[in-house]
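Presented below is the structure to which this report refers.
The values are calculated or read from the model by the stated rules, or taken from the named source; none is laboratory data. All values derive from a computational prediction rather than experimental measurement. As a convention, Cβ positions derive from the backbone with ideal geometry for all residues, glycine included, and neighbour counts pool all protein chains shown. Heavy atoms of the whole protein, side chains included, go into the accessibility calculation; ligands, DNA and RNA do not. Shrake-Rupley method; radii C 1.70, N 1.55, O 1.52, S 1.80 Å.
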Amino acid sequence: MLTCPIHNVPQSKQVPNSKAVPRKRQKSSNTLTSGTEASTSTTGQEISASVSRYNSNADGGDSLSALRKMIFGKSQYALEPDQPGKYLAIDCEMVGIGIDGLESSLARVSIVNYHGVVQLDEFVQQREKVVDYRTQYSGIRAHDLHKARPFEKVQKKVAELLKDKILIGHALHNDLKALLLSHPRSQLRDTQVLAGKFKVVRSRYIALRNLVKQELNVTIQSGEHSSVIDSRAAMAIYRLHRKEWEKGLLRLTPKIKEKEKKKTRQSDGGDKVAERREWWKEFA
C-alpha cells in the first residue's frame with residue numbers, strides 16, 4: 001500500500017548487577033540540553049532504569065552517547081550525504097491562521113533517516129494570512145516563509161520519500177493529518193503509542209520532550225522547537241527500543257494488515273479523543 005493523499009481536507013537506585021552497568025556508563029548519563037545548563041530534575045532511579053533498559057535492548061553498536069549526539073546533529077553521520085534507507089522519522093511545525101490564529105496550518109516539514117541525516121526540510125507557503133507564527137513553539141518566523149514552497153509540491157515530495165518506508169514519529173496521526181497523507185499502519189512506528197503499549201511509560205499520551213528526558217536524559221523543546229531535532233529525537237527513541245518493539249509488533253502485524261484492507265482511513269477534523277481511541281484500536 002502506497003502513501004497517498006487523503007481527499008478530505010479539513011524520562012539513585014543501584015543496579016543489582018554492577019557488572020552490567022559499569023561506572024563509565026553511569027557517568028555518561030548526564031543531561032544534555034540544547035544550549036542550556038544540565039537539568040537535575042531526572043532522578044537517579046529514572047536514569048538507572050533507562051540505562052538498564054538500554055543495555056538489555058541495544059543493538060547495532062548504538063550507545064546512549066551516540067543517540068544523544070544524533071538528536072543535536074553531532075553524530076559522525078550528521079554532515080555526510082546518506083541515502084534515506086528503510087527508516088525515516090518525521091515531524092511537522094504549525095502556524096496559526098484564521099480568527100485569533102486558532103486554526104493550525106502546516107508551515108514546516110522535516111524528515112531524517114536512521115542516522116539523523118536530514119532528507120527533507122521544507123517550509124510551506126501559506127494560503128491565508130498568518131495571524132500567529134507560534135514562534136515559541138514552532139521556531140518559525142515570517143522570513144522563514146519568504147521562500148517557502150507550495151503545499152502540493154511539499155506534499156508530493158514527502159509522499160514520494162515515504163513510499164515503502166517504515167515511518168517513525170511522535171503522535172504521527174497529527175503529522176499525517178497536517179500533510180493530508182495516509183501511510184500503511186503496518187509501516188508506522190509511533191513512539192507515543194509504542195511507549196504506552198509496551199509499558200515504557202504510564203501515560204498513553206506522553207509528550208516527546210518528557211519521553212526523551214526519561215529515556216535518554218536529554219532536554220529538548222526547552223525553548224523554540226525544531227522539527228529537525230524533534231524528528232531526530234523520535235528516531236533516537238525508536239532506535240533505543242527497536243528490538244523489543246519490533247518483536248512485540250511482529251505478532252500484531254497480521255491483525256493490523258487485515259484491518260487495513262477492511263477500513264479506509266479518513267481525516268475529518270473530528271474529536272481528538274475519538275481519533276486517538278481509533279488509533280489505539282489497531283494495537284488492541
Mind listing just one residue for me: the one in the range 203-234 that is touching a Gly at 6+ places or on another chain (Cβ under 6 Å) and of a type outside the set (D, E) and, of those, surrounded by the most Cβ atoms within 10 Å (Cβ to Cβ)? R232
Could you please let me know if E152 is modelled with pLDDT of 95 or more, over 20 Å from the mean Cα position of the chain (by Cα) and assigned to a helix (DSSP H, G or I)? yes
The range 178-225: number of residues that are part of a helix (DSSP H, G or I) and hydrophobic (A, V, I, L, M, F, W, C): 9
Got a sec? Which of S110, S104 is among the small types (G, A, S), open to solvent by 40 Å² or more (accessible area, probe 1.4 Å), under 22 Å from G223 (Cα atoms) and in a strand (DSSP E or B)? S104
Residue within the range 180-187 that is modelled with pLDDT of 95 or more, open to solvent by less than 20 Å² (accessible area, probe 1.4 Å) and more than 17 Å from A89 (Cβ to Cβ) present: yes
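Does at least one position in the range 72-81 carry a residue that is surrounded by fewer than 16 Cβ atoms within 10 Å (Cβ to Cβ) and touching a Phe, Trp or Tyr at 6+ places or on another chain (Cβ under 7 Å)? Please lay out each step first, then the result.
In the first step, residues of the range 72-81 are kept if they are surrounded by fewer than 16 Cβ atoms within 10 Å (Cβ to Cβ); the result is 74, 76, 79-81.
Restricting the remaining residues to those that are touching a Phe, Trp or Tyr at 6+ places or on another chain (Cβ under 7 Å) gives none.
Taking every residue of the range 72-81 in turn, none turns out to be surrounded by fewer than 16 Cβ atoms within 10 Å (Cβ to Cβ) and touching a Phe, Trp or Tyr at 6+ places or on another chain (Cβ under 7 Å).
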Among the numbered conditions (1) in contact with a strand residue (DSSP E or B) (Cβ under 9 Å, 6 or more places away or on another chain); (2) within 19 Å of D164 (Cα to Cα), tell me where D121 comes up short. (2)
Going residue by residue through the range 129-136, is there one that turns out to be in contact with a Lys or Arg (Cβ under 7 Å, 6 or more places away or on another chain), modelled with pLDDT of 95 or more and assigned to a strand (DSSP E or B)? no
If you check every pair at least six apart or on different chains, which have Cβ atoms under 7 Å apart with a residue in the range 127-151 that is open to solvent by 40 Å² or more (accessible area, probe 1.4 Å) first and a residue that is assigned to a helix (DSSP H, G or I) second? V131/D100; V131/G101; D132/G101; Y133/A142; R141/T135
